[in-house]
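The values are calculated or read from the model by the stated rules, or taken from the named source; none is laboratory data. The shown structure was predicted, so the numbers you read here are calculated from the model rather than taken from an experiment. When we count neighbours, we look across all protein chains shown, and the Cβ atoms used for this are built from the backbone with ideal geometry, even at glycine.
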Amino acid sequence: MLGDSYAGYRAKLVEAVRARGVQDLAVLHAIADVPRHLFVPRALAGQAYEDTSLPIGSGQTISQPSTHARAIEALHLTGREKVLEVGTGSGYQTALLARCAEQVFTVERVAALAEQARAALAAAGITNVSILVGDGTLGWRAYAPFDAIVVAAASPAVPRPLLEQLAPGGRILLPLGDRAGQRLTLVTVSADGSCAYAALADASFVPLRGTHGFDD
Ligand code: SAH
């Protein structure tokens, strides 16, 4: 994607994300590389490189790039991890994760969004992602265990299947709270199964639906 007409806008976006305190170079490189305009509706492509959230259809939103960047930074990825994402949405966060980890498995309940994300990821040349249409609160057992799990929707609690599908020493990042407001929380699970919770920031995500989410 180097040399495309949006590269200058992306460089400005990197500076905006850095100004918000993100330092992880792999994350900043991912922001510099991933063509966010491919992941937003065509009519909004002109705003794709502003640090703002945007509507992506089906009543869902793509988060602010700096929010994604902070979240991924908190996972301390080295590039060797297998990551599960719950709530593919536009696929933009999926693409950033794919740049920072080895393999990304992502689950989206809305088939139309999963299809759009699949097309955008292909257009962006990202190949280390597998997409499943279904209830992500159940995880993706066939590919477990995961080194890190990211939930991109507001969760009332940590879904038990996700805890069960985490590798020893793994971490789960999710917005914990009610529909009105959440805290973006990093849950670290030690080898003996005990969990440590660290709240990173206030957050406002769309609700997680499904078996271990809010009622449909
Ligand atoms: N990070 C995304 C935005 C995600 S919005 C981006 O970069 O675009 C949250 C997404 O979670 C929505 O697409 C919603 O449909 C999805 N979602 C909600 N509950 C879900 C569930 N149980 N399983 C899978 N996806 C779910």
Failed item, numbered, when GLY57 is tested on (1) more than 9 Å from the ligand (Cβ to nearest atom); (2) modelled with pLDDT of 95 or more; (3) over 21 Å from ARG10 (Cβ atoms); (4) over 13 Å from the mean Cα position of the chain (by Cα):
(2)
Of those in segment 100-109 that are of a type in the set (D, E, K, R) and outside any strand (DSSP E or B), the residue nearest to the ligand (Cβ to nearest atom) is ARG109
Quick check on VAL187: is it more than 14 Å from the ligand (Cβ to nearest atom), over 30 Å from PRO41 (Cβ atoms) and either β-branched (Val, Ile, Thr) or within 13 Å of the chain's Cα centre (by Cα) (or both)?
yes
So, of the residues in segment 76-85 that are closer than 20 Å to ARG141 by Cβ and away from the ligand (no atom under 12 Å from the Cβ), which turns out to be surrounded by the fewest Cβ atoms within 10 Å (Cβ to Cβ)?
LYS82
Count of segment 55-74 residues which are free of Cβ contacts under 8 Å to residues at least 24 places away in the same chain and either closer than 17 Å to ALA199 by Cα or among the polar types (S, T, N, Q) (or both):
1
Given (1) closer than 21 Å to ARG183 by Cα; (2) at pLDDT 95 or above, index of the condition ARG80 fails:
(1)
Pick from ALA167, ALA180, ALA201: which is farther than 24 Å from ALA142 by Cβ, touching a strand residue (DSSP E or B) at 6+ places or on another chain (Cβ under 7 Å) and among the hydrophobic types (A, V, I, L, M, F, W, C)?
ALA201
Would you check which residues across segment 25-54 are without any contact (Cβ under 8 Å) to a residue 24 or more places away in the chain and closer than 13 Å to GLN116 by Cα and list them?
PRO41, ARG42
Cβ-Cβ distance below 6 Å, separation of 6 or more or different chains: which pairs start in segment 200-216 with a residue that is within 20 Å of THR188 (Cβ to Cβ) and end on one that is of a type in the set (S, T, N, Q) and near the ligand (Cβ under 7 Å from one of its atoms)?
HIS212/THR137
Assuming ASP202 fulfils every condition listed in (1) more than 10 Å from the ligand (Cβ to nearest atom); (2) at pLDDT 95 or above; (3) more than 16 Å from the chain's Cα centre (by Cα) apart from one, which condition is it?
(2)
Please verify whether THR67 is within 22 Å of GLN165 (Cα to Cα), surrounded by 17 or more Cβ atoms within 10 Å (Cβ to Cβ) and within 16 Å of the ligand (Cβ to nearest atom), treating the condition exactly as stated.
no
Surrounded by fewer than 21 Cβ atoms within 10 Å (Cβ to Cβ) and either of a type outside the set (Gly, Ala, Ser) or touching a Gly at 6+ places or on another chain (Cβ under 9 Å) (or both) - does that describe any residue in segment 86-94?
no
